[in-house]
1. Please give the charge dipole size of the chain, origin at the Cα centre, charges +1 on K and R Cβ atoms and -1 on D and E Cβ atoms. Round to the nearest 20 debye.
2. Once you list every other residue whose beta carbon is under 11 Å from the beta carbon of residue 17, what net charge do they have if Lys and Arg are +1 and Asp and Glu are -1?
3. Taking the dipole about the Cα centre of the stretch 19-67, with the C-beta of Lys and Arg at +1 and of Asp and Glu at -1, give me whichever of 42, 23, 53 is farthest to the positive side.
4. If amide hydrogens are placed 1.01 Å from N in the peptide plane, which non-local residues have theirs closer than 5 Å to the one on residue 22?
5. Report the gain in length on full extension from residue 57 to residue 20: 0.36 nm times residue separation, minus Cα-Cα distance, nm rounded to one decimal.
6. Which value in Å does the Kirkwood hydrodynamic radius of the chain take, with 1/r averaged over all unlike C-alpha pairs and then inverted?
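Coordinate-derived values only; no laboratory data. Model, not experiment: these values are computed from the prediction. All Cβ positions, glycine included, derive from the backbone under ideal geometry; neighbour counts span all protein chains shown.
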Amino acid sequence: MTPAWCPWCKNELTENDRVMVGVVEVASGPGRPVYACSDCKVAYRIMAFADHPPNTNGKPRYIERRFAL
Ligand SMILES: [Zn+2]
């Protein structure tokens, strides 16, 4: 796999500690997935891409506090 970094903490992500949280559109070809580490996903309440609404634009979303567990 291609190396990926968590944009929030800038740490390199391992295959076992990453969550897809969005898709960045690129000019050529399909979008590039955005991953966050599980720590940042919890700390920043980042929504997993799988939980995005159907009309998502692919940008990372944050779970509002009132909806967070
Ligand atoms: Zn992180």
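1. The dipole of the chain has a size of about 280 debye.
2. Result for the local shell: -1.
3. The residue sitting most towards the positive pole is 42.
4. Excluding prolines and chain starts, which carry no amide H, the hits are 34, 49.
5. Taking 0.36 nm per residue and subtracting the Cα distance, the gain is 11.9 nm.
6. 12.5 Å
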